[in-house]
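Engineer: This is the structure I have questions about; it appears just below.
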Amino acid sequence: MEQDILQHNDLMASRNRGYFDAKNLFVLNLVSSPGSGKTSLLERTLTDLKENISFAVIEGDQQTLQDANRIDALHVPVIQINTGKGCHLESDMVYDAVKQLDPKEGSILMIENVGNLVCPSMFDLGERKRVVIISTTEGEDKPLKYPDMFLSSDICIINKTDLLPYLSFDLEKLKSYALKVNPNLKFFEVSATTGQGMETWYQWLKAEQEKIV
């Protein structure tokens, strides 16, 4: 049964990828555990860049419209997917959502997945890059506890670096654990609250979008 579900999802992910490529969309799948600051990071990114870059957002949560409402308040096109008891987004959900959203050609499409470091790792959504966000309040051993998520990701954003002086958190140990799982991970160390490190993240976003457009 699981194999059939994953095969169907991969087929639909290929369909998504074709649609994204046809519209020159740079698509990111944002994944994390709950409380990492994923939505805050997204809000900060949109606020700082929306005047110069076209964005669209798909929000995934089990219930409520809270995150979608936060994005809508920034006047960025957004659509909410509620998964109910589901712990992840699937590619057919994203296809239906993106067709309704109809993002502008050349946009950056941000897919904020359900907060979970297990289930979303198995489901390709057709994204170009998968971005795992971890906060300094979560502990350094997350990559070892949830290796599939870090193995399947391209980017690791370490958020809440402004709290480092108050935590017994070893940033270099986290990175070494993550690199043991995935030697190709690229890291960004940021604080979505203060803006520290965000410019480097923005430069990467712009450069990657330009490769497609």
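The values are calculated or read from the model by the stated rules, or taken from the named source; none is laboratory data. Just so you know, these numbers come straight off a predicted model, no measurement behind them. Cβ sites come from the backbone with ideal geometry, for glycine too, and all protein chains shown count toward neighbours. These accessible areas exclude ligands, DNA and RNA; they are computed on the full protein's heavy atoms, side chains included. Shrake-Rupley method; radii C 1.70, N 1.55, O 1.52, S 1.80 Å.
Engineer: Mind giving me the FRET efficiency for residue 200 and residue 99? R0 is 41 Å, r the Cβ-Cβ distance, nearest 0.05 is fine.
Structural biologist: Once the sixth-power term is evaluated, E becomes 0.75.
Engineer: Then there is this: Shape call for the stretch 147-213 from the C-alpha gyration tensor, a ≥ b ≥ c root eigenvalues: rounded (a/c under 1.5), prolate (a/b greater than b/c) or oblate?
Structural biologist: Verdict is oblate for the stretch 147-213.
Engineer: For the stretch 1-75, just say rounded, prolate or oblate: build the C-alpha gyration tensor, square-root its eigenvalues into a ≥ b ≥ c, call rounded for a/c under 1.5, and beyond that prolate if a/b exceeds b/c, oblate if not.
Structural biologist: It comes out oblate by the Cα gyration axes.
Engineer: Which GluC sites (Glu not before Pro) does the stretch 52-114 hold that lie in a coil by DSSP with at most 16 other beta carbons within 10 Å?
Structural biologist: 105
Engineer: Spit out the partnerless Cys residues in the chain, using Cβ distances under 4.7 Å as the pairing rule.
Structural biologist: Singleton cysteines: 156.
Engineer: Continuing with this model, one more query. My understanding is that a pair violates if its Cα-Cα distance is over 30 Å; which of 145/211; 23/145; 104/160; 85/129 do that in this structure?
Structural biologist: Over 30 Å Cα-Cα: 145/211; 23/145; 104/160.
Engineer: Considering every Cα-Cα pair within the stretch 97-176, what fraction, in whole percent, is farther apart than 17 Å?
Structural biologist: Counting pairs separated by more than 17 Å, the tail of P(r) holds 53 percent.
Engineer: If I ignore ligands, DNA and RNA and count only protein heavy atoms, how much of residue 186 is accessible to a 1.4 Å probe, in Å² to the nearest 10?
Structural biologist: 90
Engineer: Over the stretch 125-213, with the other protein chains present, what is the accessible area per residue in square angstrom, probe 1.4 angstrom?
Structural biologist: 48
Engineer: A follow-up question, please. Between residue 193 and residue 50, what is the FRET efficiency for a Förster distance of 22 Å, r being their Cβ-Cβ separation, to the nearest 0.05?
Structural biologist: 0.70
Engineer: Then there's this: Which percent of the Cα-Cα distances in the chain go past 28 Å?
Structural biologist: 23
Engineer: Pop the C-beta distance of residue 8 and residue 148 into the FRET formula with R0 = 22 Å and round what comes out to the nearest 0.05.
Structural biologist: That gives a FRET efficiency of 0.65.
Engineer: The stretch 87-108 to the stretch 33-77: how many Å between their Cα centroids?
Structural biologist: Cα centroid of the stretch 87-108 versus Cα centroid of the stretch 33-77: 14 Å apart.
Engineer: Enumerate the amide H contacts of residue 189 below 5 Å, restricted to partners 5 or more residues apart or on another chain; note that Pro and chain-start residues carry no placed amide H.
Structural biologist: 158
Engineer: Give the value in nm², to one decimal: projected area of the alpha carbon convex hull of the stretch 106-145, averaged over all directions.
Structural biologist: 3.8
Engineer: For the stretch 23-128, taking Cα atoms only, what is the radius of gyration to one decimal and the Dmax to the nearest whole Å?
Structural biologist: 12.6, 37
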